[in-house]
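Each value in this text was obtained by applying a stated rule to the coordinates, not by laboratory testing. Here the structure is a predicted model, which is why all the values come from computation and not from measurement. As a convention, Cβ positions derive from the backbone with ideal geometry for all residues, glycine included, and neighbour counts pool all protein chains shown.
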Amino acid sequence: MYLTPKQIQKFHRTGYLLLPDLFDPVEIKVLRDAAETVYALEREEVFRERDGKTARTAFAAHHYNEAFRRLGRHPRLIHPVEQLLDGKVYMHQYKVNAKAAFTGDVWQWHQDYGTWARDDLMPAARAMNIALYVDDAVEFNGPLWMIPRSHKQGVFEAGHDLQTTSYPLWTLDRETITKLVDEGGIVSAHGKAGSVLMFYSTLVHCSPPNLSPWPRTVVYLSLCHVDNHIRRFKRPEWIAHRDFSPIEPMPDDCLRQLSTADTVS
Ligand code: SIN
Ligand code: MN
């Protein structure tokens, strides 16, 4: 799957692109089952919310789950990013974000590249997220909020917030957010399960807590051009990867091959 010139134009203008219905219900079922499996694992990569129980993020799930390994090499995710970053990419970070029903906590306002530059010494913002919605993301279950066009202003000052959630994050102050929202507004990135969201690593975004009875799993592949790999190895390998080899995409039906629904029918 490759992006059209019009889609590329929209991505550069607004800082993001939502692609509905990129994965079908059979593929999504494989991934939803996989998410439940990894959330139940007692591993250091599976970060919990402040309650110490609820899964918040399963880092590096492509290293210990077959469905997520395949998703990390899926051509429908890798090819469009290679197109936008103009070359081969490696996996800088891989997260399965749970945003559990009732308890899924906030992600504060931030830029991903701000963290990658400060913590990992990634030389340039030649890296980006591509996110697959495993559940519907609706008004009530903590969808991503983004500030359109905020990707064009470089890296903002940020403070290291160790308090608000269980996960440390470089976050932007209220004055900056107010100014950016005055200029660009806020978009709530609603979409059906199977949709894919791509966004600039300098796009300012956050997500509210999930007070609804509906979980909201999203898988994030943070892909970086192979020439732009990180220079500092301060964070654990499972948060900021050190394998800079180019990802070789798998066949398009690689997730379907794991589906029991397919094999019995
Ligand atoms: C993130 O911005 O890294 C995660 C946000 C979310 O999953 O809501
Ligand atoms: Mn982020």
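With part of a loop (DSSP other than H, G, I, E, B) and closer than 28 Å to LEU31 by Cβ as the only criterion, which of MET122, MET128 stands out?
Values: MET128 fails: part of a loop (DSSP other than H, G, I, E, B).
It is MET122.
Out of the stretch 181-214, which residues are under 16 Å from the mean Cα position of the chain (by Cα), farther than 25 Å from GLN83 by Cα and surrounded by fewer than 24 Cβ atoms within 10 Å (Cβ to Cβ)?
Residues satisfying the conditions are SER188, CYS206, PRO208.
Would you mention how many residues in the stretch 188-216 are small (Gly, Ala, Ser), closer than 17 Å to TRP109 by Cα and more than 10 Å from ligand 1 (Cβ to nearest atom)?
Count: 2.
Please go through the stretch 77-121 and pick out each residue that is more than 10 Å from ligand 2 (Cβ to nearest atom), among the charged types (D, E, K, R) and closer than 23 Å to PRO236 by Cβ.
LYS99, ASP105, ARG118, ASP119, ASP120
Counting just the residues of the stretch 92-108 that are part of a strand (DSSP E or B) and more than 10 Å from ligand 1 (Cβ to nearest atom), which one comes out surrounded by the fewest Cβ atoms within 10 Å (Cβ to Cβ)?
So, considering only residues that are part of a strand (DSSP E or B) and more than 10 Å from ligand 1 (Cβ to nearest atom), the one surrounded by the fewest Cβ atoms within 10 Å (Cβ to Cβ) is TYR94.
Search the stretch 49-91 for residues being within 27 Å of PHE11 (Cβ to Cβ) and polar (S, T, N, Q), and hand back the single one that is surrounded by the most Cβ atoms within 10 Å (Cβ to Cβ).
Per the criteria, the residue is THR57.
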